Every structure is written in C-alpha cells, then in structure tokens.
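Step one of this worksheet: look at the structure below.
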Amino acid sequence: PTKDLFNWSMQNIGSTDIRGVEVGGLLSFAVREFRITTNTNHSFNESIDVTDPSSENYGDQIPYTPYYSSSNGFNVTWKGYGFSSNVLISGFRFSLNENNYANLLPGFVDLNSGLSKKFNLKSNELFVDLKVQNLLNKNYQVIRSFPMPGRYYQLRIKYTIKK
C-alpha cells in the first residue's frame, strides 16, 4: 500500500544497487532409527534506490526489504513419527520509500512447531500433520497495518493411494 490502505498500487523503482551475502547450510544424519535434519539460511542485504541522485529517497533501502533475515529449521523422524520446528527472523525494514522513523517496521521472530505421523495402510499411506504456527503468540506485521494472526493451529491429512 503506497497511497492508503484501500487503494494499493504497484511501484517500479528505476534502478537499485543490491549488495549482500547469503549463507546457508543443511545437515542431515541418522542415529539408529532416528533421522535428524537441521537447516539454516541467513541473508544480509542492502537494497538501495539509486534511480535519481537528486531525489530525497536516493540511497534509501527499498520498501519491505529487511537488512537481515534468517530461516532455521529442525526436524526429527522416528518410526513414522515426526517433530519439526522452524524459526523465521526478519530484521527491521521500511514500509515506504522514505527511510524515516514513521515508516519503520520493527523486526520480528516467528516460531512454528509440529508433530506428524505416517501410517502404512496395506498398500496405501495416511499422513497426519498438526502444526502450531506463531507459537509465541507474538503480534507482528509483514505489511504495515496488516497484523499477522496470533497463535493458530493447522491440521493436514493426506491419503495416498498407491497402485
């Protein structure tokens, strides 16, 4: 939303200068009957508007682009049971072109966790997955004035017919 909450508009930025680094890793291993997988990804990013040197926004971070973001996951499976957890971290960012305090959106941390079970039914498979999203029930906004829901639950049931 660049004008107001009811009239959204797209915005093209003429030229940007993007510099940063992304670092990620994945580790997966088995210990007896347990399979453990962990992953991490970190992004440090400066994305600035370099369209018009005479503009007051010249050199400002482009809207909704955090300087730092991270995604981290952990998963354990054992005999068809699974436990998963992930943490999403977003640093501060700005909601409009002007990088000032009025347009500042604070960073946030979002923790999610889940349990799952896979059942083998003759030649078919049933998968049940229960997740708790926003486990810490924190209020945060990805887009200004549109808060994400507090803690909520997600149940997924998947039945696979194998031939």
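The values are calculated or read from the model by the stated rules, or taken from the named source; none is laboratory data. All values reported here derive from a predicted model rather than from experimental measurement. Cβ sites come from the backbone with ideal geometry, for glycine too, and all protein chains shown count toward neighbours. SASA here: full protein model, heavy atoms, side chains in, ligands and nucleic acids out. Shrake-Rupley method; radii C 1.70, N 1.55, O 1.52, S 1.80 Å.
Results, tabulated for the structure shown:
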quantity	calculated
Among 140, 101, 152, residue whose mean-square fluctuation peaks in a GNM of the chain (springs only between Cα atoms under 10 Å)	101
Ranked order, 35, 144 - accessible area, probe 1.4 Å, largest first	35, 144
Residue-by-residue Karplus 3J(HN,Hα) for segment 110-115, coefficients 6.51, -1.76, 1.60, Hz, glycine and proline x	10, 10, 10, 8, x, 10
Separation of alpha-carbon centers, segment 31-69 and segment 107-152, rounded to whole Å	23
Relative contact order computed over segment 87-162 (Cα-Cα under 8 Å; 6+ residues apart), in percent	26
Residue 120 versus residue 101: modelled label distance in nm, points set 7 Å from Cα along the beta carbon direction	6.3
Phi-based couplings in Hz for segment 68-74 (Karplus 6.51, -1.76, 1.60; Gly and Pro marked x)	9, 8, 8, 9, 9, x, 9
Approximate shape of the chain as ellipsoid semi-axes (Cα gyration tensor, √5λ), whole Å, largest first	40, 19, 15
Relative contact order (%) - segment 78-128, alpha-carbon pairs under 8 angstrom, separation at least six	40
Only Lys, Arg (+1) and Asp, Glu (-1) charged, at Cβ; the chain dipole about Cα centre in debye	1620
Most mobile listed residue (130, 88, 121) in the chain, GNM with C-alpha springs under 10 Å	121
Which of 98, 22, 33 is most accessible, then next, and so on - probe 1.4 Å	22, 33, 98
Percentage relative contact order, the chain, counting C-alpha pairs under 8 Å, at least six apart	14
